[in-house]
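The next block holds one structure in the form of structure tokens; read it before the comments.
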Amino acid sequence: MQSFSFTEEDRYNAFITRIDEAEYGEGVLSGIPVAVKDNICTRGIETTAGSAILKGFTSPYDAHVVTLLKKAGAAIIGKTNMDEFGMGTTTESSAFGPTLNPIDPERVPGGSSGGSAAAVASGMVPMALGTDTGGSIRCPASYCGIVGLKPSFGRVSRYGLIAYSNSLEQIGPMAENVSDVSKLMGVIAGYDRRDSTAYDRPYSHTPNADIKGKKIGIPKEYFGEGVNEKVAETVRDAISVLESLGAETVECTIPSMEYALAAYYVTCTSEASSNLSRFDGVRFGPRVEKKKQWHAEYRDLRGEKFGEEVQRRIMLGTFALSAGYYGKYYAKACTARANIKNDFLRVLKDVDLIAGPTMPNIAPKIGELEDPLEMYLSDILTVPANLAGVPAISVPCGKVTGMPVGLQLIGTHFNEEGVVDAAYAFE
Ligand code: GLN
């Protein structure tokens, strides 16, 4: 047992739960403090997923990734703040207050893994776990100037993750630099019989920036309407660094990109509306005052404890799945998703990687994104990798008005090694 004291007070509200007396063991992460997003279950330590409905909930078991962290000797020093159930792009929808961006505390850190990103960016931990359903690792990595990797679908077990949208989300590493992201990925990747979607594809790779001869596709949709010009320019400059190292770039196109946001938001809200039905005060969540009708109890508890964004998404998802509308929305979203996946795989047959900005902008000011639709729009460049199930990394590549900009590199299924190598050029 060793006690870790924080290098500074948690003044960015990066943590929901802090563990000052963290245990550590022997292994590749021996003695390294690691922060874990609060939707990942930790035995004996509160897990809330950023929601008031889970305040006081302690899981009786560890998530698979937590077991692996412990085996590797890491010291889990806290559970990080997040948008409630992972629903958001700013960490403002947490029931535990917003997290501030350590680079500029008037701005959001991004979301939903904003607490993990702020914990790393402020130097409290060198690495952290996040989850990414539609960009929640890469967005905060981009806004806070750190590195974040969303693994291929199935490469990391999700056993013990509080599910938001099962067909899209992955647990992944976030760290100060590419080497640490790669190291943490090596610890968490691989088969787990308790997650039926987990593949037997462990990761063991030492990054090297030898990208000579690699072909990189630049989709025009990643530099289109809505992408801030200065951000686009910074990313183009970064891509020319890859060219100067011997990579060859080619223009390409992903025509189905225009359907990505619609397909994503119908899919994730549908899955969420089903996943969140377990928070009913009987299976999970506190019991409320006994009423005559059981549905009045459900309604009161869920109406009181779920935040606005969560309620909005449950309603959207329930509507999209309801009889008579299923074919119109959910089934269409599935078709659009298949087209997006096909477009990506077609392009990734001809090129080794796809490159573009992670986010269309720099971190907005706290409170700036009042309109949920406006917030959804900023996910346009991150959701496609989740819909296609392919790996994607965000690596800091420059600044615009003092705020970091992330370069996004996307590879084909299970080519985490390739995206890590290209990102390593910026280390
Ligand atoms: N911002 C996206 C959403 O709100 C992505 C969230 C995530 O990846 N968990 O759904």
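Order of CYS144, CYS252, CYS334 from fewest to most other C-beta atoms within 10 Å?
Working: CYS144 33, CYS252 20, CYS334 14.
Least to most surrounded, the residues fall as CYS334, CYS252, CYS144.
Give me the extension gain from ASN228 to ARG201: residue separation times 0.36 nm, minus the current Cα-Cα distance, reported in nm with one decimal.
Working: separation 27, 0.36 × 27 = 9.72 nm, distance 3.72 nm.
Taking 0.36 nm per residue and subtracting the Cα distance, the gain is 6.0 nm.
List the trypsin sites (Lys or Arg not before Pro) within region 280-360 that fall in a DSSP loop (any state other than H, G, I, E or B) and whose Cβ has at most 15 other Cβ atoms within 10 Å. Display every interim value, and only then the final one.
Working: sites: ARG283, ARG287, LYS290, LYS291, LYS292, ARG299, ARG302, LYS305, ARG312, ARG313, LYS328, LYS332, ARG337, LYS341, ARG346, LYS349; in loops: ARG283, ARG287, LYS290, LYS291, LYS292, LYS328.
The qualifying sites are ARG283, ARG287, LYS290, LYS291, LYS292, LYS328.
How would LYS70, LYS79 line up from fewest to most surrounding beta-carbon atoms within 10 angstrom? Walk me through the intermediate numbers first.
Values: LYS70 20, LYS79 27.
If I rank by nearby Cβ atoms, fewest first, I get LYS70, LYS79.
I want to check the label-to-label distance for ASP300 and SER322. Put each point 7 Å from Cα in the C-beta direction and report it in nm to one decimal.
2.5
Within region 260-297, list the chymotrypsin sites (Phe, Trp or Tyr not before Pro) lying in a DSSP loop whose Cβ has at most 16 other Cβ atoms in a 10 Å radius. Before the final figure, lay out the partial values.
Numbers: sites: TYR264, TYR265, PHE279, PHE284, TRP294; in loops: none.
Listed in order of number, the matching sites amount to none.
List the residues, sorted by chain then number, that are 5 or more residues from GLU248 or on another chain and whose placed amide H is less than 5 Å from its amide H.
GLY213, LYS214, LYS215, ILE216
Based on DSSP H runs of at least 4 residues, each adding -39500 (n - 2.57), what is the mean residue ellipticity at 222 nm of the chain after dividing by all its residues, to the nearest 500 deg cm²/dmol?
Values: 12 runs with 134 residues, N = 427.
Computed mean residue ellipticity for the chain: -9500 deg cm²/dmol.
Treating region 6-427 as a set of equal point scatterers at the Cα positions, no solvent, please give the Debye-formula log₁₀ I(q)/I(0) at q = 0.12 Å⁻¹.
With one equal scatterer per Cα and no solvent, log10 I(q)/I(0) is -0.90.
Hey, what's the Kirkwood Rh for region 270-427 if you take every pair of different alpha carbons, in angstrom? Working shown, then result.
Values: mean 1/r = 0.0526 Å⁻¹.
Its Kirkwood hydrodynamic radius stands at 19.0 Å.
Full extension from ASP20 to VAL241: what is 0.36 nm times the residue separation minus their Cα-Cα distance, to one decimal in nm? Walk me through the intermediate numbers first.
Numbers: separation 221, 0.36 × 221 = 79.56 nm, distance 4.20 nm.
Length gained between ASP20 and VAL241: 75.4 nm.
To one decimal place, what orientation-averaged projected area in nm² is obtained for the convex hull of the Cα set of region 1-100? Could you put the intermediate results ahead of the total?
On the way: hull surface 25.2 nm².
That works out to 6.3 nm², a quarter of the Cα hull's surface.
Taking R0 as 56 Å, what's the FRET efficiency between VAL250 and GLU46 from their Cβ-Cβ distance, rounded to 0.05? Please report the intermediate quantities before stating the final value.
Numbers: r = 49 Å, r/R0 = 0.88.
Between VAL250 and GLU46 the formula returns 0.70.
Neighbouring Cβ atoms within 10 Å as the yardstick, rank ASP180, ASP280 fewest first.
On the way: ASP180 21, ASP280 17.
Final ranking by Cβ density, sparse to dense: ASP280, ASP180.
Going 7 Å from the Cα of SER274 toward and past its Cβ, which residues in region 149-184 have a backbone nitrogen under 15 Å from where you end up?
163-169
Between ARG194 and ALA262, with labels modelled 7 Å along Cα→Cβ, what's the label distance in nm to one decimal, could you check?
Here the modelled spin labels are 4.0 nm apart.
Can you list the lysines whose alpha carbon sits under 18 Å from that of LYS341, skipping same-chain ones fewer than 8 residues off?
Within reach: LYS150, LYS220, LYS332, LYS349.
Every read-out reported here was derived from the displayed coordinates using simple, explicitly stated rules and does not represent laboratory data. These figures come from a predicted structure and were not determined experimentally. Using ideal geometry, Cβ is built from the backbone for each residue, glycine included, and neighbour counts are taken over all protein chains shown.
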